[in-house]
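The next block holds one structure in the form of structure tokens; read it before the comments.
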Amino acid sequence: MENTAHGYTEAPVVYRPEPMPSHPVEALPFLSPVPIPGAVEARTADGRTVWVYATAPAGAEPATPPAAPSTVPAWAKTAALLMTAASASLALAAYALRVFAEAAAVLAAALVLLAKIAFVLALVVALVAAVVKSRRSGGAQTATATATATAGLFGRAKATATATITTR
């Protein structure tokens, strides 16, 4: 089988050498003549290049490299993180305020328009009420009242009263 990505013509073979007397079996590396994901390149004693995928022996602690001295103090890193969060919060607040200001301007314009409409409607209703009232009670009105009283055979009295009301 041909591996066109790396130019090898043979099939990849995983080698597992025999255990050495001083090393436990778990510590033996896996060797391959072709690259393996996660493996490191190494040279054998006879000069061949192989890729080693080694496992640590049981119970062995993995070696951690010493931490490099930090050139930036911790308080500066904390301040930088807080400043980033604060500036992002302020930017969002400014955007929200801009949107709110535009909405408040539209709301104020709508309220002014409603007030103008209510004022015009009040004037129209007052005018209609005045016209209806003047038509209903317009001109002069006259009222007449007559009263007759009798007393005995020959006593008789008659009274008439007339009232006129003029409205404007």
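Annotations for the structure displayed:
Conditions tested, residue by residue: (1) surrounded by 11 or more Cβ atoms within 10 Å (Cβ to Cβ); (2) at pLDDT below 80; (3) in contact with a helix residue (DSSP H, G or I) (Cβ under 6 Å, 6 or more places away or on another chain).
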| residue | (1), (2), (3) |
| --- | --- |
| MET20 | no, yes, no |
| PRO24 | yes, yes, no |
| PHE30 | yes, yes, no |
| PRO33 | yes, yes, no |
| THR55 | yes, yes, no |
| ALA67 | no, yes, no |
| PRO73 | no, no, no |
| THR78 | no, no, no |
| VAL99 | no, no, no |
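- Single residue of the range 147-168 satisfying the filter (exposed (fewer than 10 other Cβ atoms within 10 Å of the Cβ) and within 30 Å of VAL131 (Cβ to Cβ)) that is modelled with the highest pLDDT: ALA163
- Hey, VAL50 within 49 Å of the chain's Cα centre (by Cα), of a type outside the set (D, E, K, R) and at pLDDT below 90 or not: no
The values are calculated or read from the model by the stated rules, or taken from the named source; none is laboratory data. The structure presented is a predicted model; accordingly, all values stated were derived computationally and were not measured. Please note: Cβ atoms are built from the backbone with ideal geometry, for glycine as well, and neighbour counts cover all protein chains shown.
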